[in-house]
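A short write-up of the structure that comes next.
The values are calculated or read from the model by the stated rules, or taken from the named source; none is laboratory data. Everything quoted here is computed from the prediction, not taken from an experiment. Positions of Cβ are generated from backbone atoms using ideal geometry, with glycine treated the same way; all protein chains shown enter the neighbour counts. SASA here: full protein model, heavy atoms, side chains in, ligands and nucleic acids out. Shrake-Rupley method; radii C 1.70, N 1.55, O 1.52, S 1.80 Å.
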Amino acid sequence: SDPRGRAGFNNTLVDSYEVGGQNWTQGFEREFAARAGYDIVMSPSDYCYLDNSPGIPGDTMKYFLTKVVSLEKVKTFDPIALSGMPPELQGRILGGECCNWTECTPNADQLFRKAWPRATAFAERLK
């Protein structure tokens, strides 16, 4: 069967109508998937997970994850450079996505506080 009719999410393959996969770890899976013909969307948690604190002094909101992903860090996001892919596979990197676990975001106010301005900076990096 044609592997491009499936999608890879880290080390798991699932049926999909789209070509590609999403990678959020620093493992070998993305290069393995790219060599197999998959396209990759990068979302490393150190840069892309809005469930991490933005590191704003005085912020009392509880965050699901424990890292700090500051606005300044998001502004440095480069999906191709972070992929570590050899030049011949870099074309398989489609871009990136920022993530938020909605089950850990009980209301719109918390979503707004988690997302902005980091989501805007993220979009600027991918334009």
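Structure summary
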{"read-out": "Number of the condition not met by T105 [criteria: (1) surrounded by fewer than 15 Cβ atoms within 10 Å (Cβ to Cβ); (2) over 15 Å from the mean Cα position of the chain (by Cα); (3) over 14 Å from S45 (Cβ atoms)]", "value": "(1)"}
{"read-out": "Residue that is closer than 22 Å to A123 by Cβ, at pLDDT 80 or above and surrounded by fewer than 17 Cβ atoms within 10 Å (Cβ to Cβ), where the choices are G55, G84, G37", "value": "G55"}
{"read-out": "Flag for L89 being touching an Asp or Glu at 6+ places or on another chain (Cβ under 7 Å) and under 13 Å from L126 (Cα atoms)", "value": "no"}
{"read-out": "Failed item, numbered, when Y47 is tested on (1) open to solvent by 60 Å² or more (accessible area, probe 1.4 Å); (2) under 28 Å from E31 (Cβ atoms); (3) touching a residue at least 24 places away in the same chain (Cβ under 8 Å)", "value": "(1)"}
{"read-out": "Residue tally, condition open to solvent by 40 Å² or more (accessible area, probe 1.4 Å), of a type outside the set (K, R) and modelled with pLDDT of 90 or more, over region 61-81", "value": "7"}
{"read-out": "Evaluation of G95 against (1) open to solvent by 20 Å² or more (accessible area, probe 1.4 Å); (2) free of Cβ contacts under 8 Å to residues at least 60 places away in the same chain (one fails), failing number", "value": "(1)"}
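This table checks each residue for (1) in contact with a strand residue (DSSP E or B) (Cβ under 8 Å, 6 or more places away or on another chain); (2) without any contact (Cβ under 8 Å) to a residue 40 or more places away in the chain; (3) of a type in the set (G, A, S).
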{"residue": "P57", "(1), (2), (3)": "no, yes, no"}
{"residue": "L65", "(1), (2), (3)": "yes, yes, no"}
{"residue": "K75", "(1), (2), (3)": "no, no, no"}
{"residue": "P86", "(1), (2), (3)": "no, no, no"}
